[in-house]
1. Is it the case, given these coordinates, that Ile60 is touching a Gly at 6+ places or on another chain (Cβ under 9 Å), under 25 Å from Phe101 (Cα atoms), surrounded by 15 or more Cβ atoms within 10 Å (Cβ to Cβ) and at pLDDT 95 or above?
2. Identify the residue in region 97-119 that is modelled with pLDDT of 90 or more and touching a helix residue (DSSP H, G or I) at 6+ places or on another chain (Cβ under 6 Å) and, among all such residues, is farthest from Leu31 (Cα to Cα).
3. Output the number of the condition that Ala65 fails; it satisfies all remaining conditions of (1) within 20 Å of Lys20 (Cβ to Cβ); (2) in contact with a helix residue (DSSP H, G or I) (Cβ under 6 Å, 6 or more places away or on another chain).
4. Against the condition under 10 Å from the mean Cα position of the chain (by Cα), farther than 18 Å from Tyr61 by Cβ and at pLDDT 90 or above, how does Ala25 come out, does it pass?
5. Does Pro33 satisfy the condition of being at pLDDT 90 or above and part of a loop (DSSP other than H, G, I, E, B)?
Amino acid sequence: MILGHDISEMLTKEAGDYSKSVLSALFELGLSPKLKGFGYTLEAILVYRQDPRQSIMKDIYPAVARLQSPGISPAQVERNIRWAVGLAWKNRDEAVWAKYFCDLHNIGQRKPTNLEFISQIAWRIESWGTSSGDDGNDKEKSKDLSR
């Protein structure tokens, strides 16, 4: 259960295959489903996907807060996402993180910001379709981005 919701319940409310791929990516990257930030991150990625031009502070965090129980503020959403990403970063598997963040400069030296994390996961899942991304062309995809 994440934030009092059954995972399958959450997935039926969203675009199924995409949501399952995001959920799988979050698990693979080491985010703990026991943290509030896990559910907030999942929802933030789904909100971001609707319109990537949205402001994370003005649009995404407030939208995620509205999806939660009353009394959750956008600041709490931001802080919980930052905490979840920070813990996953601290305990990361370098190879797994490189798969998702290989085109971000200095990612090996610093934790990604919330926006970098959300946008990169959303973009990777979208670019890989709804597969796991293990098609062997990850480096080729990131090379195309850097041009």
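The values are calculated or read from the model by the stated rules, or taken from the named source; none is laboratory data. Everything numeric in this text was worked out from a predicted model, so none of it was measured. All Cβ positions, glycine included, derive from the backbone under ideal geometry; neighbour counts span all protein chains shown.
1. No; evaluated as a whole, the condition is false for this residue.
2. Top of the filtered list is Leu115.
3. Every listed condition holds for Ala65 apart from (1).
4. yes
5. Yes: the conditions hold for Pro33.
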